[in-house]
Each structure stands twice: as C-alpha cells, then as structure tokens.
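Peer 1: Below is a structure I'd like to ask you about.
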Protein chains: 2
Amino acid sequence: MSEQPGGSEFALIQRCFSSGYPQNAATLLGVGDDASVICPPAGQHLVQSLDTQVADVHFPANAPAQLIAQRTLRCAVSDLAAMGATPQGFLLGLTLPDNQTDWLDDFAHGLRDAATEFGISLLGGDTTRGPALVISILVQGWVATAPTPTGLTRSGARVGDDVWVSGYIGAAALSLPTVLANPETTDGLAAAYYYPTPRLSLGQSLLGIATAALDISDGLLQDAHHIATASAVSLALTGEQIPTAVGCGHPDWPNCLTGGDDYELLFTASPAQQASIQALAQRLALPLSRIGQCQPSAPGQPPAVTVSLDGLPLQLKTSGYQHF
Amino acid sequence: MSEQPGGSEFALIQRCFSSGYPQNAATLLGVGDDASVICPPAGQHLVQSLDTQVADVHFPANAPAQLIAQRTLRCAVSDLAAMGATPQGFLLGLTLPDNQTDWLDDFAHGLRDAATEFGISLLGGDTTRGPALVISILVQGWVATAPTPTGLTRSGARVGDDVWVSGYIGAAALSLPTVLANPETTDGLAAAYYYPTPRLSLGQSLLGIATAALDISDGLLQDAHHIATASAVSLALTGEQIPTAVGCGHPDWPNCLTGGDDYELLFTASPAQQASIQALAQRLALPLSRIGQCQPSAPGQPPAVTVSLDGLPLQLKTSGYQHF
C-alpha cells in the first residue's frame, strides 16, 4: 500500500497535470515536488475552500470527463466568489476506478480550459486508484486585508438588511432530468448544470457593501438558512420577487427554490446600499434582485427562513437536497 | 445532487469537526463558512501538499477509524517535513460509505489527537457520502523566504553530494502482513505503520544544509529515483550502510529497500556538511546514516539508482510499490 503512482501511469499523470495550466506570479514551486510553494502578496489574506464531488452523488458517472472537470472546478471556484476573493490556484485530489487513459486526457482538457478561464495555477495534487471516481479540489485566492479582512462571511447580516440574489434561480435543478437522461448534452438548461458561473466580479465588488454572502449550492432556501443561523436573524422572502427559471404559477416553481446547484450569490446589505447595488447590476450586466428582508426571529424561536406568496406564508416540503 | 450535508448529519459533522482542534494565530476564519481565511506571516512562503488515501488501497478499510485518521494526517504532514516547513493547518475532504456515527466520532478523535501533536488548525473541508471511504487532506505550513525560499526540493542534488537517510528503513513494509491480518493491532511493527513520525525538526534543521530532500513513501529505491530524476544525477548506494529494520543477510532485507510507508527523510548534502549533520543527529537523537553518493549518470543514460553489496552491484526485482 503506497501513495504515489509509478511507471507508465506516472508519465500519463505527468502529461495531464504538468503543463498547459496558467502560470501565476505567486507560484514559486508547482506540480512535481513533495509540496508546492507560493509567495503570499503583501496586504492580502489567503482564502481557501476544499470541495469533494463523488460520481453518481454529485454528477452522473457517465458524463463526459471534460464536463465533469469543468463543473467540478467551477463549483469550487464559486466558494471563492462567495467570499469576494480573487482566485490564485488549486490542488487536485483525484481517485479513479481504472487506468483510463482517454478519460484522464479528457478530464485534464476540461480542467485546463476552466483553469485558464479563471487564470489559476494547478499547484499540485495526488492521483490514486480507487473503487469510485472521487474528486477533491482545494481552491484558494486572496482578499485585501482592509476593509474586510475575512472577505464576505455568512455571519454579518443584521435586522433591517435587504436580502438579494444574483441571476436566476432554478435552471440547474430543472436541468437534472435532462442531464441524468442524457449526460452528454450541454444544450439549453444543461449548460447551467455543467458550466455554472462563479460570480467572481460580483463577489469582489460586494466587499464593503454586503453584510453577508454565500453561493447557492444546496438550494436557495437551505442556503438562506445558513445565513440566518450564522447571523442570528430570520429571513423573510417574498416569492414574487425571487427571479426563478419559471414563473411562480408553474408547477416546477417550488423546485427552483429548493433545488441546488445554481451557484448564484445570495447576500444581504443595508437598505442604504440599494443604489450602489443597482449600479453594480448595470455595470456587471447581471440582474440583482431584492427578494426580502432580515427580521428579528420570533421570541424563543431559532432563526427561520420564510417565503410569502400573495402575502400569505408558503409551506414548502423540503428546504434543499440533503445527500449526506 | 448537491454539495453539503444537512439535518442531523450536519449536526454530527459539526460536532466532529468544529471544535477541539488547535487554534492558530494565523487563522482568521475557520470551519463553517464558504471558505477559511488565514493571515500569512511576514517573511514566510506558504508550502502546501494534498494527499488522497483510499480504503483498501492505502490502508485496510476495517482498521479502527482512530488509527486511519492518525496515519492519514501523519502521512500528509510528512510532506511538509520533507520541505523543511513548519505546519500551520489542514483541510479535510472526507467521503464516507454510510452514515456511521460511531465511525465518524472515532475518526475525529484520532484526527484531533494528531492535529494537537502537530499544533495545526482544522481550517475547513467537505464531508460527502460515496461508495468508498476516501480521505483527502490538504496540509500547509510556512518556510522562511531566506535563505531557502522554496524549502527543500528534490532537484538540488549535485555530483559529489553524499546521500543520507534518517532512522531505520523497512519497519512499515515488514508490518504489512501483521496489519492486514489484524488491523486493530498497534503492537510492535504495526506502530510504525499507523503512527509514522513526520521528521519535522529534521526537515527544518536541514534548511541551508541539504541540497535535496523527500520523505520515503513509496520505498527507498523508488523515492531515491525521484531525487535522481529531478536533480539529473545518479545515486550510488552502499547496501551495508543502509539502516534497515533487518540485517542485509535476512530474506526480508530487499523488502526494506523497496517497500513503502517509512516516512523517513532521504536527503543529499555536500561532504562539507558531514560534521553538521552528525551534530544534528546527536541533537535530535535520531540516527542519520550516510548511505551513498551522487555521481554523474553513465554517458547517454538517464539518471539511475544503484545499490552495491560486498562491492558488487545488486539486482532488485522491483523498485517500489506502484498502486496506480
């Protein structure tokens, strides 16, 4: 039992992961030694997130390798967007069922494309054999030490703050039947599934404006609950104001609120910031919708997330996909 | 398909991973947000390594969870030792077959113990369900920007340098039959398997002394080959001088040279450093053995690793365990 590949497979892995990725001025030592070494830029804090995705849990095992790579890296980078960080690099832990040469080449192709889009270095990683395809990605980036030394956290929402969301909610959840039936398609809604857009410019622009933020990966309502709990406020959302992939009379509308995988940003901000946020929406050409307000929690009750429709409280059966 | 746990399992994960780990002054934001945030200390470079270990590939799936955690974190930290880095923190990607409450509690117990020994913070991570137990650990630490800005790499060995190894080689490989037959035992050789010692003090002391270094995770000979290739020199080792768990007349002796999992440091240094290295061995109470020399490669041949015994070249069947 051992750690590292050898022989011809070592050469394959080296070919797939040693070149063609963006170079980064901060990277002093990349793939190929016991560890990577980077030089932290002055006046910046390091922001890091580790994501694990498992075949047939997080994506269809028979999806094209290139699309799996795209989606996995984009989902990971989204956590940096949610913090307002500027991405720098990533490390990859890859567990593969077999020695699939073509699969690995295709995976590396998608990974290089996505890394190039975000300008991030592949710093290192570990490729192992195992009974299932499991992908762990550590992404990291920088946030200026002032004025927001920890970037955008989940815990800063205050009573009276507005609740905002970027883009449209639900396309990825509604694409799931299509993706599962035909994992090779990237048409229509499936593009939202395989190519989620980390809202990096938005996150960076919200530093100093938003009081709390996260990216929606488990469904709007469940993720709203994370802000509520971390900030100790309740969130009252107005159903008609939520920008969904289908209208609120449509039978799929509830799935848009509870389905995961959108990777839009949910954030809170003082009402005094409304003009700044609307200007930001214009500048980024990205819809930013005010969907509710932070309120005190009911006496003796934990923070809650409620949705009203036609002024009446809405009962939704689930508040997000819980796979573990 | 989604990213994050929810409900009661969320509470379980929170209990296991949110407290009881060392706190670190560099950590501004730890477990529980979209990402962690750390403040890089001035005059230091960041050293990072990601290790993935898979049940029944890297360790017996039925080994006690506490021992699996110990071994996995210790192996990961060993990569920092090989760079001469001072550990700071880690992130954990954990894929579990079932919702095994007891398993996760025991795993967290072992993880906390090992993290406490090394004084490293748990910065974040991701726990997912999957068909097999897969553990990915990102460890990181610091190395001073001068005099060795990238720490101890594999590529600095020069013709004429001595080749050194710490401790004794082969105990972990020889323990494998015992560990596989009885995964619960930690007696005798099995301790070498479950509790490898990252040679952190040695690595840090070798900054400015060693020209190249790595930790032995795939067998002495295969890992020596990594230094040879990266440094473009050949390594000529003297069998009698290699400090092995059994003597060189023993039938298991070749396994000591080719088996993995020792996590001792293999390093090279100018002969002018012999006195410093011997003094270091005294100070650390750790045997450091000079086992060979760096030589020019044969004309037209790639860098090679050779072992002599009784002055004659030795033929060994394998040069390391290749699991991928």
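Peer 1: How far is the Cα center of region A:60-100 from the Cα center of region B:232-305, in Å?
Peer 2: If we compute the Cα centre of each part, the gap is 39 Å.
Peer 1: Here's something else I'd like to know. To the nearest 20 debye, what charge dipole does region B:162-313 have about its Cα centre, counting +1 at the Cβ of each Lys and Arg and -1 at the Cβ of each Asp and Glu?
Peer 2: Numbers: 3 positive and 12 negative charges, 94 e Å.
Computed about the Cα centre, the dipole is about 460 debye.
Peer 1: As an exercise, use a Förster radius of 30 Å and the Cβ-Cβ distance of B:ASP56 and B:THR116 to find the FRET efficiency, rounded to the nearest 0.05. Intermediate values should be presented prior to the final figure.
Peer 2: Working: r = 28 Å, r/R0 = 0.94.
With R0 = 30 Å, the Cβ-Cβ based efficiency is 0.60.
Peer 1: Further question: Please report, in Å, the Rg and the Dmax of region B:169-233, where both are computed over Cα atoms only.
Peer 2: Reported Rg and Dmax, both Å: 14.9, 44.
Peer 1: Using the count of nearby Cβ atoms within 10 Å as a rough guide to exposure, how do B:TYR21, A:TYR263 rank from fewest to most? Let's see the in-between values first.
Peer 2: Numbers: B:TYR21 22, A:TYR263 26.
Lowest count first: B:TYR21, A:TYR263.
Peer 1: Copy-to-copy spacing for B:SER155, label 7 Å out on the Cα-to-C-beta vector, in nm, shortest first?
Peer 2: So the distances to the same position in the other copies read 4.1 nm.
Peer 1: If you don't mind, there's one more thing I want to ask. Please work out the ratio of the alpha-carbon Rg of region B:58-145 to 2.2 N^0.38 Å and round it to two decimals.
Peer 2: Working: Rg = 13.2 Å, N = 88, 2.2 N^0.38 = 12.1 Å.
That works out to 1.10 for region B:58-145.
Peer 1: Dimensions of region B:92-196 along principal axes (Cα, Å, largest first)?
Peer 2: Result, largest extent first: 54, 35, 26 Å.
Peer 1: At A:PHE10, with labels set 7 Å past Cα in the Cβ direction, how many nm apart are the copies from this one, shortest first?
Peer 2: Between copies, matching label points for A:PHE10 lie 4.5 nm apart.
Peer 1: Taking chain A as the reference, fit the longest principal axis to its C-alpha atoms, fit the long axis of helix A:274-284 to the helix C-alpha atoms, and give the angle between the two in degrees, 0 to 90, nearest 10.
Peer 2: Between helix and principal axis, roughly 40 degrees.
Peer 1: Would you mind putting B:171-179, A:270-278 in packing order, based on average other-beta-carbon counts within 10 Å, highest first?
Peer 2: Values: B:171-179: 20.7, A:270-278: 13.6.
By packing density, highest mean first, the sequence is B:171-179, A:270-278.
Peer 1: Could you list which residues have their amide H under 5 Å from that of B:GLU264, counting only those 5 or more apart in sequence or on another chain, with H placed in the peptide plane?
Peer 2: B:ILE216
Peer 1: For the protein assembly as shown, give the magnitude of the charge dipole about the Cα centre (Cβ charges: +1 Lys/Arg, -1 Asp/Glu; no others), in debye to the nearest 20. Please report the intermediate quantities before stating the final value.
Peer 2: Working: 22 positive and 54 negative charges, 272 e Å.
Computed charge dipole of the protein assembly as shown: roughly 1300 debye.
Peer 1: How high is the relative contact order of chain B, in percent, counting Cα pairs under 8 Å that sit 6 or more residues apart?
Peer 2: On the way: 725 pairs, mean separation 68.6, N = 324.
Once divided by the residue count of chain B, the mean separation gives 21 percent.
Peer 1: Hey, what's the per residue convex hull volume over the C-alpha atoms of chain B, in cubic angstrom? Please report the intermediate quantities before stating the final value.
Peer 2: Values: hull volume 48.4 nm³, N = 324.
Cα convex hull per residue, to the nearest whole number: 149 Å³.
Peer 1: Mean shadow of the protein assembly as shown, computed from the convex hull of its alpha carbons, in nm²? Let's see the in-between values first.
Peer 2: Working: hull surface 116.5 nm².
Seen from a random direction, the Cα hull of the protein assembly as shown projects 29.1 nm² on average.
Peer 1: Considering the dipole of region B:156-290 built from charges on the beta carbon (Lys and Arg +1, Asp and Glu -1) around the Cα centre, which of B:ALA191, B:PHE267, B:ALA172 is farthest to its positive end?
Peer 2: About the Cα centre, the residue reaching furthest to the positive side is B:PHE267.
Peer 1: Shielding of B:133-146 by partners, i.e. mean partner chain Cβ atoms within 10 Å per residue?
Peer 2: 5
Peer 1: I've got another one for you. Picking from A:ALA55, B:GLN282, A:PRO302, whose Cα lies most toward the positive end of the charge dipole for the protein assembly as shown (charges on Cβ: Lys, Arg +1; Asp, Glu -1)?
Peer 2: B:GLN282
Peer 1: A further question on this structure: Arrange the following residues from fewest to most other Cβ atoms within 10 Å of their Cβ: B:LEU122, B:LEU28. Spell out each step's value before the answer.
Peer 2: Details: B:LEU122 27, B:LEU28 18.
Sorted ascending by nearby Cβ count, the order is B:LEU28, B:LEU122.
Peer 1: Still on this structure, please answer the following. Sort region A:1-101 into rounded, prolate or oblate with this rule: let a ≥ b ≥ c be the square roots of the eigenvalues of the Cα gyration tensor; rounded if a/c is under 1.5, and if a/c is not under 1.5, prolate when a/b is larger than b/c, oblate otherwise.
Peer 2: Numbers: a/c = 2.20, a/b = 1.25, b/c = 1.76.
Because a/c hits 1.5 or more and a/b fails to exceed b/c, region A:1-101 counts as oblate.
Peer 1: Which one of A:ILE135, A:LEU80, A:LEU92 has its Cα pushed farthest toward the positive end of the charge dipole of region A:76-176, where Lys and Arg give +1 and Asp and Glu give -1 at the Cβ?
Peer 2: Most positive-ward Cα: A:LEU80.
Peer 1: Simple spin-label model, 7 Å along Cα-to-Cβ: B:THR145 to B:THR229 in nm?
Peer 2: Modelled inter-label distance: 3.3 nm.
Peer 1: For region A:28-41, just list the computed ³J(HN,Hα) in residue order, Karplus coefficients 6.51, -1.76 and 1.60, θ = phi - 60°, integers in Hz, with x standing in for Gly and Pro.
Peer 2: 8, 8, x, 4, x, 10, 5, 7, 9, 9, 10, 9, x, x
Peer 1: Oh, and also: Count, for each residue of A:118-127, the Cβ atoms from other chains sitting within 10 Å of its Cβ, then give me the mean as a whole number. Mind showing how you got there, number by number?
Peer 2: Values: counts 0, 0, 0, 0, 0, 4, 5, 6, 11, 2.
For this peptide, the per-residue mean of nearby foreign Cβ atoms is 3.
Peer 1: A:GLY311 label points, 7 Å along Cα→Cβ, one per copy: pairwise distances from this copy to the rest in nm, shortest first?
Peer 2: When each copy's label point is compared with this one, the spacings are 10.4 nm.
Peer 1: For an R0 of 35 angstrom, estimate the FRET efficiency from the Cβ-Cβ distance between B:LEU180 and B:ALA298 and round to the nearest 0.05.
Peer 2: Details: r = 40 Å, r/R0 = 1.13.
The computed FRET efficiency comes out at 0.30.
Peer 1: For B:GLN282 and A:GLU240, what is the calculated FRET efficiency with R₀ set at 60 Å and r taken between the beta-carbons, to the nearest 0.05?
Peer 2: On the way: r = 77 Å, r/R0 = 1.28.
Computed FRET efficiency for B:GLN282 and A:GLU240: 0.20.
Peer 1: Quick check on the exposure proxy: order B:GLU117, A:GLU184, A:GLU264 from fewest to most C-beta atoms within 10 angstrom. Don't jump to the answer; show the numbers that get you there.
Peer 2: On the way: B:GLU117 16, A:GLU184 12, A:GLU264 30.
Arranged by neighbour count, lowest to highest, B:GLU117, A:GLU184, A:GLU264 become A:GLU184, B:GLU117, A:GLU264.
Peer 1: Still on this structure: Can you work out the Karplus-derived ³J(HN,Hα) for every residue in region B:144-152? Use 6.51 cos²θ - 1.76 cosθ + 1.60 with θ = phi - 60°, whole Hz, and x for glycine or proline.
Peer 2: Ordered by residue, 3J(HN,Hα) equals 4, 5, 9, x, 10, x, 10, x, 8 Hz.
Peer 1: Relative to the Cα centre, what is the charge dipole magnitude of region A:7-144, using +1 at the beta carbon of each Lys and Arg, -1 at the beta carbon of each Asp and Glu, and rounding to the nearest 20 debye? Before the final figure, lay out the partial values.
Peer 2: Values: 5 positive and 13 negative charges, 54 e Å.
In total the dipole reaches around 260 debye.
Peer 1: Quantify how strongly other chains surround peptide A:38-45 by giving the mean number of their Cβ atoms within 10 Å of each of its Cβ atoms.
Peer 2: Working: counts 7, 7, 9, 1, 2, 0, 2, 7.
That average works out to 4.
Peer 1: Something else now. So what is the 222 nm mean residue ellipticity for chain A from helices alone, if each DSSP H run of at least 4 adds -39500 (n - 2.57) and you divide by all residues, rounding to the nearest 500 deg cm²/dmol? Kindly include the intermediate steps, with their values, before the conclusion.
Peer 2: Details: 9 runs with 101 residues, N = 324.
Estimated from H runs of four or more residues: -9500 deg cm²/dmol.
Peer 1: To continue, here is another question. Tell me, in nm to one decimal, what length is gained between B:GLN14 and B:ASP105 on full extension, where the rule is 0.36 nm per residue of separation less the Cα-Cα distance?
Peer 2: On the way: separation 91, 0.36 × 91 = 32.76 nm, distance 1.09 nm.
The B:GLN14-B:ASP105 span can extend by a further 31.7 nm.
Peer 1: A follow-up question, please. Counting only Cα atoms, I'd like the Rg/Rh figure for region A:162-312, Kirkwood definition for Rh.
Peer 2: Working: Rg = 15.5 Å, Rh = 15.9 Å.
Rounded to two decimals, Rg/Rh equals 0.98.
Each reported figure results from applying straightforward, stated rules to the coordinates on display, with no laboratory input. No experiment lies behind these values; they were computed from the predicted model shown. Counting neighbours? That spans all protein chains shown, and the Cβs are built from the backbone with ideal geometry, glycine included.
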